[in-house]
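Student: One structure is given below, represented as structure tokens, and several questions about it will come after.
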Amino acid sequence: KAGVTQTPRYLIKTRGQQVTLSCSPISGHRSVSWYQQTPGQGLQFLFEYFSETQRNKGNFPGRFSGRQFSNSRSEMNVSTLELGDSALYLCASSLAGTLRGGYTFGSGTRLTVV
Amino acid sequence: QQQVKQSPQSLIVQKGGIPIINCAYENTAFDYFPWYQQFPGKGPALLIAIRPDVSEKKEGRFTISFNKSAKQFSLHIMDSQPGDSATYFCAAEGGGSQGNLIFGKGTKLSVKP
């Protein structure tokens, strides 16, 4: 079956701009989580959605937002980009909203802010 | 209390060796402990996971040892191969925190032929 698909794979944006990243989960998976990965901070949780509702949010500023659609596809948006937002953004999906079955991660979107 | 501490940062072993990666946690509400493997340019892939009511779990060449009283768990890779060279992350989840995996900082493993 198809894995988690993230688009685009690479993105270069200018400081102050905004960006939207997309994630298509595995078919049947209703939970989608987003993580930011940087060399310094490692993998940090952004937020989790289940059935179009945000259930959990990490410690990121309000410039980071997300949403989930009725087909479970998710988007995350970063407004007013800063240089420090340069990172690999990873999306992960899981079955039925429980993590006990494990996350399946996509390959990520590499965002570079210049 | 939300941290997961992972060591070592990097590890070099010879082919056939048994690298061991250790993690420690503080939050006793954690109840699910997965290990992930990440290759360059790819997302993390789930290797193996354990719950605190089990002291050891094996899947192929990968073994998790779990010490609930010490709040520590470790990953052993038996008969390591050059293809195992990757970054390994431990993680923890639980306490009602949906969808929120707390990751260790990662261990870069290099297996020499």
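Student: Mind checking which pairs have a first residue in segment B:71-89 that is in contact (Cβ under 8 Å) with a residue 60 or more places away in the chain and a second that is surrounded by fewer than 18 Cβ atoms within 10 Å (Cβ to Cβ) and of a type in the set (A, V, I, L, M), Cβ under 8 Å, 6 or more apart or different chains?
Tutor: Final answer for the pair search is B:Met78/B:Ile18; B:Asp79/B:Ile18; B:Ser80/B:Val13; B:Ser80/B:Ile18.
Student: Based on what the data block shows, is A:Leu81 open to solvent by less than 10 Å² (accessible area, probe 1.4 Å), more than 18 Å from B:Tyr36 (Cβ to Cβ) and among the aliphatic types (A, V, I, L, M)?
Tutor: When the stated conditions are applied, A:Leu81 passes them.
Student: Cβ-Cβ distance below 7 Å, separation of 6 or more or different chains: which pairs start in segment B:1-26 with a residue that is closer than 15 Å to B:Tyr88 by Cβ and end on one that is open to solvent by 30 Å² or more (accessible area, probe 1.4 Å) and hydroxyl-bearing (Ser, Thr, Tyr)?
Tutor: B:Ile12/B:Ser110; B:Asn22/B:Ser7
Student: Given the criterion at the interface with chain B (Cβ under 8 Å from one of its Cβ atoms), touching a residue at least 24 places away in the same chain (Cβ under 8 Å) and open to solvent by less than 50 Å² (accessible area, probe 1.4 Å), identify the matching residue among A:Gly58, A:Gly106, A:Gly42.
Tutor: Just one listed residue meets the conditions, A:Gly106.
Student: Then there is this: Can you find even one residue in segment B:101-112 that is at positive phi, within 11 Å of another protein chain (Cβ to nearest Cβ) and not aromatic (Phe, Trp, Tyr)?
Tutor: yes
Student: If a residue has to be in contact with a strand residue (DSSP E or B) (Cβ under 9 Å, 6 or more places away or on another chain), surrounded by fewer than 21 Cβ atoms within 10 Å (Cβ to Cβ) and farther than 27 Å from B:Gln6 by Cβ to count, how many in segment A:61-71 make the cut?
Tutor: 5
Student: Looking at segment A:89-102, is at least one residue in contact with a strand residue (DSSP E or B) (Cβ under 8 Å, 6 or more places away or on another chain), away from every other protein chain (no Cβ under 14 Å), of a type in the set (D, E, K, R) and free of Cβ contacts under 8 Å to residues at least 40 places away in the same chain?
Tutor: There is no residue in segment A:89-102 that is in contact with a strand residue (DSSP E or B) (Cβ under 8 Å, 6 or more places away or on another chain), away from every other protein chain (no Cβ under 14 Å), of a type in the set (D, E, K, R) and free of Cβ contacts under 8 Å to residues at least 40 places away in the same chain.
Student: Among the residues that make up segment A:15-29, is at least one of them buried (at least 20 other Cβ atoms within 10 Å of the Cβ), hydroxyl-bearing (Ser, Thr, Tyr), in a strand (DSSP E or B) and modelled with pLDDT of 95 or more?
Tutor: Within segment A:15-29, one or more residues are buried (at least 20 other Cβ atoms within 10 Å of the Cβ), hydroxyl-bearing (Ser, Thr, Tyr), in a strand (DSSP E or B) and modelled with pLDDT of 95 or more.
Student: Within segment A:47-81, which residues are outside any loop (DSSP other than H, G, I, E, B) and modelled with pLDDT of 95 or more?
Tutor: A:Phe64, A:Ser65, A:Gly66, A:Arg67, A:Gln68, A:Ser74, A:Glu75, A:Met76, A:Asn77, A:Val78 - these are the residues of segment A:47-81 that are outside any loop (DSSP other than H, G, I, E, B) and modelled with pLDDT of 95 or more.
Student: Check B:Arg61, B:Arg51 and return the single one that is more than 23 Å from A:Gly3 (Cα to Cα), surrounded by fewer than 16 Cβ atoms within 10 Å (Cβ to Cβ) and within 12 Å of chain A (Cβ to nearest Cβ).
Tutor: Of B:Arg61, B:Arg51, the one residue that is more than 23 Å from A:Gly3 (Cα to Cα), surrounded by fewer than 16 Cβ atoms within 10 Å (Cβ to Cβ) and within 12 Å of chain A (Cβ to nearest Cβ) is B:Arg51.
Student: Which residue pairs have Cβ atoms under 6 Å apart, sit 6 or more places apart or on different chains, and have a first residue in segment A:8-36 that is away from chain B (no Cβ under 14 Å) and more than 27 Å from B:Gly104 (Cβ to Cβ) and a second that is part of a strand (DSSP E or B) and of a type outside the set (Val, Ile, Thr)?
Tutor: If the second residue must be part of a strand (DSSP E or B) and of a type outside the set (Val, Ile, Thr), the pairs left are A:Leu11/A:Leu111; A:Val19/A:Lys13; A:Thr20/A:Glu75; A:Thr20/A:Asn77; A:Ser22/A:Glu75.
Student: Looking at B:Phe39, is it more than 13 Å from chain A (Cβ to nearest Cβ), closer than 21 Å to A:Tyr103 by Cα and open to solvent by 20 Å² or more (accessible area, probe 1.4 Å)?
Tutor: no
The values are calculated or read from the model by the stated rules, or taken from the named source; none is laboratory data. All values derive from a computational prediction rather than experimental measurement. Virtual Cβ from ideal backbone geometry, glycine too; neighbours counted across all protein chains shown. Surface areas here come from the heavy atoms of the whole protein model, side chains and all, with no ligands, DNA or RNA. Shrake-Rupley method; radii C 1.70, N 1.55, O 1.52, S 1.80 Å.
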